[in-house]
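The values are calculated or read from the model by the stated rules, or taken from the named source; none is laboratory data. Given the structure is predicted, the values throughout are model-derived calculations rather than measurements. For neighbour counting, all protein chains shown are included, and Cβ atoms are generated from backbone atoms with ideal geometry for every residue, glycine included.
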Amino acid sequence: MTTHPDDELDVDQLDVLDFTSSDFTTTAYKKVSTTVDLLGEDVDFHRPKDGVLFFVQSAVADTANDADRWMAALRFLESSLTPQSRKRFLDRACDRSDPLNASALWDTIGELLRRWDPKTKIPASQKIVIEHRPDAAEGYNPVRIVDEALRLDFIAYPPKDIVLGFTGSAIAASASPAQQAWCVNLFLDGSLDGDVALELSYRLQSPAYGDDKLDLPHLLGIVRSLIERWYSGTNPNRAARRAQASQSRKSAPKVSRAVDRAPEAEEREEETTPPRRRAPAKKTAEGKPAPRTTKATVKPASRKTSGTARSSRKRTISGEFEEE
Amino acid sequence: MAGLRAGAQPPAPTPLEFTVDGETFTLGSQSTRWWLRVLSYEAPGCWFSIIPLSLESASRSRLLERITDDSDRFDLDELEKVAEEVVGVVLGMEFWAGHRLLRLASSNWLMFDGWCLSKGIDVMALPPGRVASAVYGWRMASCQKESDKAKIDSEIFGPPPLRAASGRLRDQAPRGWDDRAESSAFMTAVSNLNSR
């Protein structure tokens, strides 16, 4: 057996190599920026450092998991946009009437990575145009959130897939409380009507608001439940579940009783009768179409607690809402 | 062609300390099996797995933070240079030469290990620099003609990949790659073409 030469050396004999950034021969490259026509609105993206692009390239590869991809996209936006344009981008992402969605984001990142690749001969300054593609999260129904103890009663609309992606990945990636608060606010902005989101945000930031008990964990639980319901990225079996639900829909009752349940059971909830298709519109006595009411029921995974609350505080998440 | 091997020197032992802008980092000791595995990766995985990924957690985070910090000039290509230099010292030769030699060992393991065993060498007990030397000796031992040796030399000690990790063209020739070496490599290539 050969002796390992390293074993014969003392720690004092270790060499130390010194590097100084200013000695490196890499030539300083000029800052480049590219204008992107992002679904009708020009946005200037600045090329971030190679290190950022390296991580983004790795993360957008097919082999990367969903959480890493969205975190890399956030890092990309943070590095390549000015604070003002980043805020505008996120505002557009939250605006449910704006066409900016996840497809547009990934198309933008892909085009910019190609444009900023040193092998690309097209000038970086040449404008990129991003076309609209449909939102992957379209077709889900709103949910009414009711919690008497926390004085919550509002309707949450499915946010766009881009908001679901950012919040779903950040919450799944065991983010810090500050990041979780940011995600909750982003989700509320993208899911609720403006005044409701503003009120909740105010209540969240004002602990001395009367006897208000609402805090981040409460909203985090609600957001998690809604993400679980709407975001396929956090649940790979969602497609199978939806197919199964579709099969059983015919035999399932149209309206189910909302189930009271304890807050801690929230993360394990299952969607049992998802309202997917519109029934034929009913008509009033005057012959005009009546407002359509759909109810979705959320109940805990554990059958032992079904129908009884395990805590003095009850929370109901019912899917009652009205469609035009 | 000796110019190509000018960078070869006795390999440094690990753990090996190095400093970047005054901050000290330590490349720890790893098994021979680990070195064979990571150096068989394609670039940039072959150096990124060593520096920064194999460093202790705080050091790794610090280097990753620097290459993504907009206000810091230290970027991906600078990190690659540090990794090339540090691992090159551990390998006792240019990083890319050592990378090619250890890839050669991994992809021809049975032949290489068998040859080493026949010479009484336990490869798995050697540090990575000594493994690289053994691979070089094994390849040279199989050459009959001087032109074959010159060809292998130019393949192993030739220039690094055309582009750095960022995708930019490298602007510097490797150590030992001067006009004479380039001329010699050109003549070798011509003679190889003529011999076909």
- Message: If I filter region A:33-48 for residues that are closer than 18 Å to A:A104 by Cα, modelled with pLDDT under 85 and either surrounded by fewer than 16 Cβ atoms within 10 Å (Cβ to Cβ) or more than 7 Å from every other protein chain (Cβ to nearest Cβ) (or both), do I get at least one hit?
- Response: no
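Wholly within region A:54-171, which helices (runs of 4 or more DSSP H) include no fewer than the required count, namely at least 1 residues that are surrounded by fewer than 17 Cβ atoms within 10 Å (Cβ to Cβ) and touching a strand residue (DSSP E or B) at 6+ places or on another chain (Cβ under 9 Å)? Walk me through how you get there before you give the answer.
Working: elements: A:66-80, A:83-94, A:102-116.
Those helices (runs of 4 or more DSSP H) span A:83-94, A:102-116.
Would you tally the residues in region A:33-53 being in a loop (DSSP other than H, G, I, E, B) and among the acidic types (D, E)?
The total comes to 0.
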- Message: Pairs please, first residue from region A:15-28 and at the interface with chain B (Cβ under 7 Å from one of its Cβ atoms), second anywhere and modelled with pLDDT under 75, Cβ atoms under 9 Å, 6+ apart in sequence or on different chains.
- Response: A:T25/B:D171; A:T25/B:Q172; A:T26/B:D171
- Could you pull out the residue among A:A178, A:A170 that is touching a residue at least 12 places away in the same chain (Cβ under 8 Å) and of a type in the set (G, A, S)? A:A170
- Could you say whether any residue in region B:47-59 is touching a residue at least 40 places away in the same chain (Cβ under 8 Å), under 26 Å from B:L162 (Cα atoms) and part of a helix (DSSP H, G or I)? yes
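Does A:L81 satisfy being in contact (Cβ under 8 Å) with a residue 40 or more places away in the chain, within 13 Å of B:D70 (Cα to Cα) and among the hydrophobic types (A, V, I, L, M, F, W, C)? Lay out the reasoning, then the answer.
Details: in contact (Cβ under 8 Å) with a residue 40 or more places away in the chain: no; within 13 Å of B:D70 (Cα to Cα): yes; among the hydrophobic types (A, V, I, L, M, F, W, C): yes.
It is false that A:L81 is in contact (Cβ under 8 Å) with a residue 40 or more places away in the chain, within 13 Å of B:D70 (Cα to Cα) and among the hydrophobic types (A, V, I, L, M, F, W, C).
Could you say which residue among B:S107, B:S59 is surrounded by fewer than 20 Cβ atoms within 10 Å (Cβ to Cβ) and either within 22 Å of B:E17 (Cα to Cα) or under 14 Å from the mean Cα position of the chain (by Cα) (or both)? Walk me through how you get there before you give the answer.
On the way: B:S107 fails: either within 22 Å of B:E17 (Cα to Cα) or under 14 Å from the mean Cα position of the chain (by Cα) (or both).
Step by step, each of B:S107, B:S59 is checked, and only B:S59 is surrounded by fewer than 20 Cβ atoms within 10 Å (Cβ to Cβ) and either within 22 Å of B:E17 (Cα to Cα) or under 14 Å from the mean Cα position of the chain (by Cα) (or both).
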- Item | All positions within region B:25-46 that are at the interface with chain A (Cβ under 10 Å from one of its Cβ atoms) and either touching a residue at least 40 places away in the same chain (Cβ under 8 Å) or touching a strand residue (DSSP E or B) at 6+ places or on another chain (Cβ under 8 Å) (or both) | B:F25, B:T26, B:L27, B:T32, B:P44
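For region B:7-24: of the residues being in a strand (DSSP E or B) and touching a residue at least 24 places away in the same chain (Cβ under 8 Å), which is surrounded by the most Cβ atoms within 10 Å (Cβ to Cβ)?
Taking region B:7-24 as the starting set, the residues that turn out to be in a strand (DSSP E or B) are B:16-20, B:23-24.
Subset that is touching a residue at least 24 places away in the same chain (Cβ under 8 Å): B:16, B:18, B:20, B:23.
Details: B:L16: 20, B:F18: 20, B:V20: 22, B:E23: 12.
By that ranking, first place goes to B:V20.
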- Query: Any idea which of B:G92, B:G129 is in contact (Cβ under 8 Å) with a residue 40 or more places away in the chain and at positive phi?
  - Reply: B:G92
- Message: Quick check on B:L110: is it more than 14 Å from chain A (Cβ to nearest Cβ), in a helix (DSSP H, G or I) and in contact with a Pro (Cβ under 8 Å, 6 or more places away or on another chain)?
- Response: no
- Query: Restricting attention to region B:26-46, does a residue exist that is out of contact with any helix residue (DSSP H, G or I) (no Cβ under 6 Å at 6 or more places or on another chain), of a type in the set (S, T, N, Q) and under 23 Å from B:P159 (Cα atoms)?
  - Reply: no
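Being touching a helix residue (DSSP H, G or I) at 6+ places or on another chain (Cβ under 7 Å), part of a helix (DSSP H, G or I) and either surrounded by fewer than 21 Cβ atoms within 10 Å (Cβ to Cβ) or at the interface with another protein chain (Cβ under 7 Å from one of its Cβ atoms) (or both) is the filter here; which residues of region B:65-83 pass it?
Scanning region B:65-83 gives B:I67, B:T68, B:L76, B:D77, B:E78.
With respect to B:W34, is the statement that it is crowded, with 17+ Cβ neighbours inside 10 Å and part of a helix (DSSP H, G or I) true? Step through it out loud before you land on a result.
On the way: crowded, with 17+ Cβ neighbours inside 10 Å: no; part of a helix (DSSP H, G or I): yes.
No, not satisfied.
Can you spot a residue in region A:193-210 that is buried (at least 23 other Cβ atoms within 10 Å of the Cβ), within 17 Å of the chain's Cα centre (by Cα) and modelled with pLDDT of 80 or more? Walk me through it before giving the result.
Of region A:193-210, the ones buried (at least 23 other Cβ atoms within 10 Å of the Cβ) are none.
No: zero hits.
Kindly indicate whether any position in region B:158-178 is part of a helix (DSSP H, G or I) and either touching a helix residue (DSSP H, G or I) at 6+ places or on another chain (Cβ under 8 Å) or within 14 Å of another protein chain (Cβ to nearest Cβ) (or both). Quick ask: steps written out before the conclusion?
Going through region B:158-178, the residues part of a helix (DSSP H, G or I) turn out to be none.
Within region B:158-178 (the criterion being part of a helix (DSSP H, G or I) and either touching a helix residue (DSSP H, G or I) at 6+ places or on another chain (Cβ under 8 Å) or within 14 Å of another protein chain (Cβ to nearest Cβ) (or both)), the answer is no, since none of the residues qualifies.
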